[in-house]
1. Three principal axis extents, largest first, for the C-alpha atoms of the stretch 1-130, in Å?
2. Relative to a virtual label point 7 Å from the Cα of residue 347 in the Cα→beta-carbon direction, which members of the stretch 365-389 show backbone nitrogen distances below 13 Å?
3. For the stretch 206-284, report the accessible area per residue in Å² (1.4 Å probe, heavy atoms, rounded to an integer).
4. Counting only other residues whose beta carbon sits under 12 Å from that of residue 328, what net charge do I get with K and R as +1, D and E as -1?
5. Under the Karplus relation 6.51 cos²θ - 1.76 cosθ + 1.60, θ = phi - 60°, what is the ordered set of whole-Hz ³J(HN,Hα) values for the stretch 332-349, x standing for Gly and Pro?
6. Could you give the dipole magnitude of the chain about its Cα centre, charging the beta-carbon of Lys and Arg +1 and that of Asp and Glu -1, in debye to the nearest 20?
7. Spin-label point model (7 Å from Cα, Cβ direction): what's the residue 76 to residue 9 distance in nm?
8. Let me cross-check residue 19: its accessible surface, 1.4 Å probe, with only protein heavy atoms counted, in Å² to the nearest 10?
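The values are calculated or read from the model by the stated rules, or taken from the named source; none is laboratory data. Only a predicted model underlies this, so the values are computations on that prediction, with no experimental measurement involved. Virtual Cβ from ideal backbone geometry, glycine too; neighbours counted across all protein chains shown. Protein only, heavy atoms only, side chains kept; ligands, DNA and RNA dropped before computing areas. Shrake-Rupley method; radii C 1.70, N 1.55, O 1.52, S 1.80 Å.
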Amino acid sequence: MPDLDPRWRQDTPGCSSVIHLNNAGASLVPQSVLRAVTAHLEREAVQGAYEAADAAAPELEAAYGHVARLLGAHPRNIAIVENATVAFFQALAAFDFQPGDVILTTRNDYVSNQLAYLSLAKRRGVQVERAADLPEGGVDPQSVRDLLRASGAASGAKGRGGRVRLLAVTWVPTNSGLIQPVEALGQIAEEAGVPYLVDGCQAVGELPVDVARLRCDYLSSTARKFLRGPRGIGFLYVSDRALARGDFPLLLDMRGADWTSADAFALAPDARRFENWEFAHSLVLGLGEAARYALEVGVEPTGLRARQLAADLRVRLAAIPGCRVLDRGRELAAIVTVEVAGHSAPDLVKLLRKQRINVNASLRDYAVIDMDQKQVQSALRASPHYYNTDEEVCALVDALAKTAL
Ligand SMILES: Cc1ncc(COP(=O)(O)O)c(C=O)c1O
């Protein structure tokens, strides 16, 4: 495991006050992110908000560059929006789903994404198909292939993808450490000619992202989780392929297009056609700084350290009588979920918070398919990041061991 660099903790004001193992909720921001946000708010207060935005134009532009670099993309491919859900929904809204069209997904896609598919089923007659899982957990790529073939993708019926209009996959779900095989699925989607949307919300900042290897049309994310940016801001990667297809969201805002004559509009040439005009500019700057900082510390080694801390935590928790570690899958991310017999996860969160240990709870309705399969109503979720120490992980284990007794 890569060693702790003391600078990471010196850079993170929150490290001196809490044991923060809730990075899958919202990470502690580095000082430089905090400063980027507050400095802009201060400028807005003294200069006027529109004027401050004009003055910060080069830094705002640079924020797109940092996010793009983090994904192996170009600034023209980045749309900045309020959060990961909005980013995902803007991508979904680029498809004119017709009755009978299939959205192919997994059994572990994020709750709000599943709700959106069900909403599209109700409103547009879309069919939602979920690929089967492997016995060890995680989607079975062969099942995705089979469902594409069954839908007519191979025979070329109704466009190359057959009835499947979209493959949508959550890279790392919210309620477990599962890492889905997103690169393999991207290859399958490309071969079938089916657009591919990846929810990278719990991956960005922990797992290296290269959109060329993912072969995705879209990737959505937030700033606040493993990327360590502020709350209330997210982004959507829009591929050149999607831009060239002329994709745009169902409802356009004046930032996404120019109103050129009474009945006509011209789309923004780049991913900004997925944005809204109004922004929290301070948060855009915070997002940009978080991406720059992540590039500086290196996503590859720091992510490895986060996953190793999580792996150690799983081993320690599994040794506590009454604790059942719930994460399944070939590869696991820095999200650890555990059921503690006789204790509801929300109660444990409150108890631990009194001891200045931050973790979170995942409830059954955050992931009904997975949680029902595991037969749990709620799970405690601990999500270390690279700035956490072994001692902090042990403090959580000790606290839970006392509680589980
Ligand atoms: C996998 C995943 N996708 C999407 C989201 C939604 O992110 P946001 O709250 O920024 O919309 C979350 C939030 O927990 C998540 O875990």
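1. Ordered largest first, the stretch 1-130 gives principal extents of 53, 44, 27 Å.
2. 378
3. Details: 3500 Å² over 79 residues.
On a per-residue basis, 44 Å².
4. For residues surrounding residue 328, the net value is 0.
5. With coefficients 6.51, -1.76 and 1.60, one gets 10, 8, 8, 10, 10, 10, 9, 9, 10, 3, x, 10, 7, 4, x, 5, 5, 4 Hz.
6. 880 debye
7. Each label point is offset 7 Å from its Cα along the Cβ direction, giving 4.6 nm.
8. About 40 Å², rounded to the nearest 10.
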